[in-house]
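Everything on this sheet refers to the single structure shown next.
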Amino acid sequence: MLFARFMREVAGAGASVGAALDETRPRLTWGFRKVFERLDRMANELRRDRSRPKLAQAITLYHLVIEASLAQPGQHFIEEGLTRRDLLPGFREGIGHVARDEQRHIAFGVKMIADLVREDPDCEPAIAELLREILTFTLAVFVPPDWDERYVTSFGFTLEDIYTQGAEAIEGRLRAAGLDPLTMRLGLPFDMPPAARARRGLALLRAGYLGAPNGGVKPDREVTAMLFDGLRRQIDASVAPGATIQWDFSDAEPWHLRIARDWAPTTVAPGRVENPDLTFHCRFGDWVDIAAGRTEPWRALLYGRVRPTGKLRMLLRAPKLFG
């Protein structure tokens with residue numbers, strides 16, 4: 001009721017919760033829409049699938065992603081920003097109560113996930129699968145209109161501050177639940193400090209490699225290296241140890257990946273490799289759209305936007321290889 005009253009009496013948005021939601025919907029970011037569309041689908045999936053792994057995915061999405069890494073950082077910066085300027089004391093107090101309530105929800109989610117993973121080993125890979133799908137969308141939730149950072153700096157913070165707290169939150173809650181994000185193949189550099197992860201995410205967003213479609217992506221070598229480093233971290237080397245993958249872009253320099261084998265780690269680099277086991281032929285922007293979750297891989301294959309060639313066994317293993 002706090003937010004409904006604020007929207008009605010302060011923002012002047014609608015006489016009911018439904019009306020306020022209708023009025024704010026055009027202002028929602030692409031990332032926000034994608035995250036909550038996934039939440040809607042998750043509710044439907046739970047009705048059909050009552051298994052522990054599906055429940056673990058749902059708890060992760062709502063309590064760890066939406067509440068811990070999105071809602072809490074946003075509430076924290078609103079409350080602290082208003083406190084600094086001594087504005088809206090009633091709303092500040094209400095936000096404080098909401099934040100404490102959120103903390104109880106998050107603690108429940110962490111405990112529930114720990115219990116589910118202990119009871120069923122299939123829960124951990126299910127959680128990792130969900131996170132690989134959703135984290136590219138969560139990065140785009142806080143992108144301000146036209147990248148006007150005054151929407152954030154007016155509260156006395158930077159976008160990097162918010163993204164850093166979100167990065168700290170998701171890592172901390174996963175570890176509290178007994179999960180090691182370094183081994184979950186999430187594509188994120190959890191071996192880096194949260195602030196470094198925040199800067200990387202913002203660089204990918206600003207370049208158009210993640211986030212809302214922007215009508216075309218101009219290749220940037222430094223940001224492309226970040227993109228392929230994320231792919232390297234996501235690869236399941238056990239599916240095709242020692243294999244090589246080539247990206248043959250029609251409008252950008254090629255990249256290749258060598259999958260780990262024995263003592264050699266998985267590596268990525270620009271350039272071509274001789275006799276690759278699998279080659280993806282496409283425009284650079286089409287591959288970026290897949291990486292950003294803007295295009296589903298099967299759709300890109302169906303319409304010929306991505307054309308794989310190579311050994312049959314590699315073609316068949318590709319879905320498992322990329323998680």
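The values are calculated or read from the model by the stated rules, or taken from the named source; none is laboratory data. Predicted, not measured: the structure shown is a model, and the values here were computed from it. Using ideal geometry, Cβ is built from the backbone for each residue, glycine included, and neighbour counts are taken over all protein chains shown.
Quick rundown of the values:
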| read-out | value |
| --- | --- |
| Failed criterion for Gly215 (all others in (1) surrounded by fewer than 18 Cβ atoms within 10 Å (Cβ to Cβ); (2) among the small types (Gly, Ala, Ser); (3) modelled with pLDDT of 95 or more hold) | (3) |
| Gly96 being surrounded by fewer than 18 Cβ atoms within 10 Å (Cβ to Cβ), in contact (Cβ under 8 Å) with a residue 40 or more places away in the chain and more than 29 Å from Arg294 (Cβ to Cβ) | no |
| Subset of the stretch 4-15 (residues that are in contact (Cβ under 8 Å) with a residue 12 or more places away in the chain and either more than 18 Å from His97 (Cβ to Cβ) or surrounded by 12 or more Cβ atoms within 10 Å (Cβ to Cβ) (or both)) | Ala4, Phe6, Met7, Arg8 |
| Ala198 being modelled with pLDDT of 95 or more, crowded, with 21+ Cβ neighbours inside 10 Å, within 17 Å of the chain's Cα centre (by Cα) and of a type in the set (A, V, I, L, M, F, W, C) | yes |
| Residues satisfying the stated conditions in the stretch 170-182, i.e. touching an Asp or Glu at 6+ places or on another chain (Cβ under 9 Å) and in a helix (DSSP H, G or I) | Leu174, Pro181, Leu182 |
| Count - residues of the stretch 186-230 that are of a type in the set (Phe, Trp, Tyr) and either in a loop (DSSP other than H, G, I, E, B) or touching an Asp or Glu at 6+ places or on another chain (Cβ under 7 Å) (or both) | 2 |
| Selected residue [closer than 30 Å to Phe322 by Cβ, surrounded by 14 or more Cβ atoms within 10 Å (Cβ to Cβ) and of a type in the set (Val, Ile, Thr)] from Thr153, Thr136 | Thr136 |
| Any hit, the stretch 236-257, residues being among the aliphatic types (A, V, I, L, M), surrounded by fewer than 16 Cβ atoms within 10 Å (Cβ to Cβ) and either within 21 Å of Lys34 (Cα to Cα) or in the same structural domain as Arg317 (by TED's automatic domain parsing) (or both) | no |
| Members of the stretch 76-95 that are within 20 Å of Glu168 (Cα to Cα) and out of contact with any Gly (no Cβ under 9 Å at 6 or more places or on another chain) | His76, Ile78 |
| Close pairs from the stretch 104-133: first over 12 Å from Leu55 (Cα atoms), partner surrounded by 15 or more Cβ atoms within 10 Å (Cβ to Cβ) and acidic (Asp, Glu), Cβ under 9 Å, at least 6 apart | His105/Glu67; Ile106/Glu67 |
| Single match in Phe91, Phe137 (criterion: over 23 Å from the mean Cα position of the chain (by Cα), on the phi < 0 side of the Ramachandran plot, in contact (Cβ under 8 Å) with a residue 40 or more places away in the chain and assigned to a helix (DSSP H, G or I)) | Phe91 |
| Selection from the stretch 308-323 of residues that are on the phi < 0 side of the Ramachandran plot and surrounded by 13 or more Cβ atoms within 10 Å (Cβ to Cβ) | Pro308, Thr309, Lys311, Met314, Leu315, Arg317, Ala318, Leu321, Phe322 |
| Criterion (on the phi < 0 side of the Ramachandran plot and in contact (Cβ under 8 Å) with a residue 60 or more places away in the chain) met by exactly one of Leu182, Leu205 | Leu205 |
| From the options Asp148, Asp115, residue that is assigned by TED's automatic domain parsing to the domain that holds Arg25, within 21 Å of Leu28 (Cβ to Cβ) and more than 19 Å from the chain's Cα centre (by Cα) | Asp148 |
| Where a residue in the stretch 44-65 is outside the structural domain of Lys34 (by TED's automatic domain parsing) and its partner, wherever it lies, is assigned to a helix (DSSP H, G or I) and aromatic (Phe, Trp, Tyr), with Cβ under 7 Å and at least six apart | none |
| Scope the stretch 1-21; condition under 23 Å from Pro89 (Cα atoms), in a helix (DSSP H, G or I) and either outside the structural domain of Arg92 (by TED's automatic domain parsing) or touching a helix residue (DSSP H, G or I) at 6+ places or on another chain (Cβ under 9 Å) (or both); matching residues | Leu2, Phe3, Ala4, Arg5, Phe6, Met7, Arg8, Val17, Ala20 |
